[in-house]
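Q: Attaching a single structure in structure tokens format; questions to follow.
The numbers here are math on the coordinates, done by the rules we state, and not lab data. A quick note: this is a predicted structure, and the numbers were derived from the prediction, not measured. Because the Cβ atoms are built from the backbone with ideal geometry, glycine has one as well, and the counts that use them run over all protein chains shown.
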Amino acid sequence: MKNILITGGAGNIGGSLVRALVKNGSYFVQIVDNLSTGKMDNLPDQNIGNWDFIQCDVNNNSEISSVMRGVKFDVVFHYAAMVGVERTQLNPLGVLKDIEGIKNILNLSKETNVKRVFYASSSEVYGEAVSTYQHEITTPLNSRLPYAIVKNVSEAFCRSYYQEYGLNYTIFRFFNTYGPLQSDDFVITKFINLALQDSDITIYGDGLQTRTFCFIDDNIDTTIKIMEDDLCINDTINIGSDLTVTMVELADMVINITNSNSTKVYLPPLEEGDMTRRQPYTGKMKKVLDRRLITLEEGIVRTMDFIKAKL
């Protein structure tokens, strides 16, 4: 039995990872989440026996220490964090507390002989794009936002613990991952919910800022394969899609797919944090995944079907 700890395991990506991993009966998955944004509904079916949930704040050393000293974990996925541009902009000191979380996880992993820590970083570390693609190695990390700084500092901690103690790591830089479990305050699920209600779809600025969107299955299949095949050890990898779309195009796509009567409404641009362009280099990811990426249209339909089923 392989013991796996997933922090932030009641969130969108963490919860989806848990649901995929528990399908393998040779894994036991310990989920921890403080439920500040995670949801109990995101946890696996209660009839599946190879998982457990503990409400826990990884930024509190005593809480996470009792978990990690109670079970010998082979690997740790550290996904717990405050997320979302607007949420993190409104709570900059709360974001900075997440530095304690990565320090706790790495210290306890070293002390309990965890074999590898997988860290959920973010495309935000790249800041404003200075080249067509954001590449893991060659692109400068220039964002000054507290959220991005915390992710960059946490990446440095991962590398430092490997250099000092030989603790293996893999850093995932996630680019806009969406899917059925995502909360309603992120752009695709927000647009879908508004469109299904024929409500106005609000866009910041002129809507010409571009983004790429990665459907959750592409993210999860890649990360699990990296774990199971011992890939990207002590390395960093972008997890996303390299097909760009403007916010206007995204809104139009959602309106068309949902057959909605919604109207686009434009709001003043965000003062900070709404970068004009995001497009990851995905060469590493595509080599690992070894299949075509799920199209944005297909992902929107699958997310929409899940949301409609809950209405």
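Q: What is the fewest-to-most order of Ser121, Ser241 by other Cβ atoms lying within 10 Å of their Cβ?
A: Ser121, Ser241
Q: Want the number for Asn61 to Leu270: 0.36 nm per residue separation, take away the alpha-carbon distance, what's left? It would help to have the intermediate numbers written out before the result.
A: Numbers: separation 209, 0.36 × 209 = 75.24 nm, distance 3.52 nm.
Here the answer is 71.7 nm.
Q: Could you list Leu43, Leu35 in order of exposure, starting from the residue whose Cβ has the fewest other Cβ atoms within 10 Å? Show your work: numbers first, answer last.
A: Working: Leu43 20, Leu35 13.
Exposure proxy ranking, most exposed first: Leu35, Leu43.
Q: Just to verify a number: FRET efficiency for Tyr133 and Asn50, C-beta to C-beta distance, R0 = 51 Å, to 0.05?
A: 0.85
Q: Quickly estimate the mean residue ellipticity at 222 nm for the chain, helices only: each DSSP H run with n ≥ 4 gives -39500 (n - 2.57), and the total goes over all residues, rounded to 500.
A: Calculated from helices alone, the mean residue ellipticity at 222 nm is -11500 deg cm²/dmol.
Q: Here is a follow-up. Assuming 0.36 nm per residue, please report the length gained on full extension of the stretch Thr263 to Lys72 beyond their Cα-Cα distance.
A: My answer for the length gained is 63.4 nm.
Q: Over the chain, calculate the relative contact order: mean separation of alpha carbon pairs under 8 Å at least 6 apart, over the residue count, as a percent.
A: Rounded, it is 17 percent for the chain.
Q: When DSSP beta bridges are limited to those with both residues in the chain, what percentage is antiparallel, rounded to the nearest 5?
A: Percent antiparallel among DSSP bridges in the chain is about 5.
Q: Here's a follow-up. Work the Kirkwood hydrodynamic radius out for the chain: mean of 1/r over every pair of different alpha-carbon atoms, inverted, in Å.
A: When all Cα pairs of the chain are included, the Kirkwood radius is 19.9 Å.
Q: Hey, another quick one. Take the Cα of Lys97, step 7 Å along the line toward its Cβ, and report every residue of segment 55-77 whose backbone nitrogen sits under 19 Å from that point.
A: 55-67
Q: Also: Give the lysines whose C-alpha is closer than 22 Å to that of Lys151, dropping any in the same chain fewer than 8 places away, or say none.
A: The qualifying lysines are Lys97, Lys103, Lys110, Lys115, Lys284.
Q: Among the aspartates and glutamates, which have Cα under 15 Å from the Cα of Lys308 when same-chain residues fewer than 8 positions away are ignored?
A: The reachable aspartates and glutamates, counting only those whose Cα sits under 15 Å from Lys308, are Asp184, Asp198.
Q: If R₀ is 22 angstrom, what is the calculated FRET efficiency for the pair Asp200 and Thr295, using the beta carbon separation as r and rounding to 0.05?
A: 0.25
Q: Starting from the Cα-Cα distance between Lys110 and Leu243, subtract it from 0.36 nm times their residue separation and give me the gain in nm to one decimal.
A: Result: 44.0 nm gained on full extension.
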